[in-house]
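The values are calculated or read from the model by the stated rules, or taken from the named source; none is laboratory data. Model, not experiment: these values are computed from the prediction. Cβ placement follows ideal geometry from the backbone for every residue including glycine, while neighbour counts extend to all protein chains displayed.
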Amino acid sequence: MVAAKKLVLGASVLIVFSTGCYYDNKETMYGASSCDTTNVTYSQKIAPLINQKCIGCHSAASATAGVDLSSYNQVVKYGQTKQLQGTINQLPGYESKLMPPGAKLDNCNLSLVDIWLRKGMPQ
């Protein structure tokens, strides 16, 4: 009877210790991050983003609300006035102007714009 209790106790301890040490690996759980934040320049990261998400409404030919994002100089103008940051991040005073309409940019794209602005908007 004593041997059986020791066996049960030993098995219980073994189970606790074998399952108690668990290491969560972010890449294993969620997959590798696909947000490449290296070489964040207008030509490499920002222009493709604007062409995909903004230019349909904010081109030179169709500047909705007077906002033209068709060139580097135009985008820099909105970056310098903070209007770009305000509209894509829903900052106070820009909540009703969320861009792009219907869906906020994902965290990766927001990070890319933020990095680009902090680096001085390199071309």
_Which numbered condition Leu69 misses (of (1) over 18 Å from Lys97 (Cβ atoms); (2) free of Cβ contacts under 8 Å to residues at least 40 places away in the same chain; (3) in contact with a helix residue (DSSP H, G or I) (Cβ under 7 Å, 6 or more places away or on another chain))_ = (1)
*Of all helices (runs of 4 or more DSSP H) completely enclosed by the stretch 1-115, which ones contain at least 2 residues that are at pLDDT below 90, aliphatic (A, V, I, L, M) and surrounded by fewer than 13 Cβ atoms within 10 Å (Cβ to Cβ)?*
2-20
*Note down all Cβ pairs under 8 Å where the first residue falls in the stretch 93-105 and is closer than 18 Å to Pro48 by Cα and without any contact (Cβ under 8 Å) to a residue 60 or more places away in the chain, the second is polar (S, T, N, Q) and in a loop (DSSP other than H, G, I, E, B), and they're at least six residues apart or on different chains.*
Lys104/Gln90
